[in-house]
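I have placed the structure first, in the form of structure tokens, so that the comments after it can refer back to it.
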Amino acid sequence: MSTNGSTEQESKIRTDDPIIEVRDASVTYDDGTSYVLDHASIDVERSEVLGVVGESGSGKSMFASAMMDAIPDPGVLSGKIVYHPDEGEPVDVLALDDEELREFRWEEVSMVFQGAMSSFNPTMKIEEHFRETLKAHDAPVEEGMSFARELLEDLYLDPKRVFDVYPHELSGGMQQRALIALSLVLEPEVLIMDEPTAALDLLMQRSILMLLHELQQKYNLTMVFITHDLPLVADLADRMAVIYAFQFAEVGPRDEVVGNSGHPYTRALLNATPNIEAPLEEMRPIPGDQPAPINVPSGCSYHPRCPLSTEECEEVDPSFYDVEGDHVAACHHWEEAQEEIDLHLAGDDDGAVASDGGVDDE
């Protein structure tokens, strides 16, 4: 497996005040022969929203799990994950013992998964979930429950009503918002969200993103939002990281990546995503399939699907090229991609994808 120019890559994905540093992180199966995350390196800036985008099976969920050292067996995680708390020394996440890791995962970095119902115990009322979480971490229970009520109200939920029901008695959108509140009850610094709105309708997706933006501002959270839907996260993210075939393909400020993409894959993702602002006839599915972990092509892993592929692409795995400022793309022909692959995604004046969404309890 190629490192995708890991030495050069590291110099281009550093930030001024990282809260999490990921260096050369790989996840392998089958005795190290099958990569589901391939030498990934990136900083997560303190207080930013980082959107991580890619097709299903691209490695984005493995990247999320790697940041918490939560790779399921028999996967093997290697590389370096460093957490920088507000106070104290940096934490080598992969060196933590089981008890330290349990505390780290809730008290410093927390995760919200796609299916809220799979995260709740169906035999426990919502209030019990909050109380048990606080007790398990030796947190002041009544003080924590007061904060839980505030979080639920922030998410437009009635605490009295929500606490007194079982998870299945809430709608999908309400379940997901209750889970977000639960993930924040121990006041972590970082919230990782792995496809948290994928099972919801478009209106509720937009509503939850609006609420997440408000939470991020109010509590000065750092968020990593994992999704296959690039336009969706573009409404929320400060910076975007596009992942393809288990490696980062493009990283940069939100407006740059959405409006001035340098990688053909990013531009293809934008053109393939359904969007009410663009005519149906302009939606262009990406031809071909993403490679399986055991069959990643040599050179640029995207070259079998890329309309700009050359012999160089087939033979040489590209390092990151500077597009503009902090915007980089792992493509030999990024300038040609900008010229020849038109974007058909409508945006607002700031380059973000336009959207509207209200908030309700459904």
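In terms of its C-alpha gyration tensor, the stretch 38-87 has an oblate overall shape, because the principal axis ratio a/c (a ≥ b ≥ c, square roots of the eigenvalues) is not below 1.5 and a/b does not outweigh b/c. Fully extending the segment from Ile286 to Ser78, taken as 0.36 nm per residue of separation minus the present Cα-Cα distance, adds 71.7 nm.
For the peptides 314-322, 328-336, 114-122, 144-152, the ranking by mean Cβ contacts within 10 Å, running from highest to lowest, is 328-336, 144-152, 314-322, 114-122. Cβ crowding within 10 Å, taken as a proxy for footprinting-reagent exposure, orders Thr133, Thr123 from fewest neighbours to most as Thr123, Thr133. Determine the sum of side-chain charges near Tyr29: Lys and Arg each +1, Asp and Glu each -1, restricted to other residues whose C-beta is under 14 angstrom from that of Tyr29. Within the 14 Å Cβ shell, the charges total -4. The alpha carbon gyration tensor of the stretch 14-105 gives principal lengths a ≥ b ≥ c with a/c of 1.5 or higher and a/b no greater than b/c, which makes the shape oblate.
Seen from Glu324, the other residues with C-beta closer than 14 Å to its C-beta sum to a net charge of -3, counting Lys and Arg as +1 and Asp and Glu as -1. Among Ala66, Ala181, Ala272, the residue with the largest mean-square fluctuation in a Gaussian network model of the chain, with springs joining Cα atoms closer than 10 Å, is Ala272. Rounded, prolate or oblate: which one fits the stretch 294-333, using the alpha carbon gyration tensor with axes a ≥ b ≥ c (rounded when a/c is under 1.5, else prolate when a/b beats b/c, else oblate)? Verdict is prolate for the stretch 294-333.
Read-outs: derived from the displayed coordinates by stated rules, not from any lab. Since we're looking at a predicted model, the values are computed, not measured. FYI the Cβ positions are ideal-geometry reconstructions off the backbone, even for glycines, and counts take in every protein chain you see.
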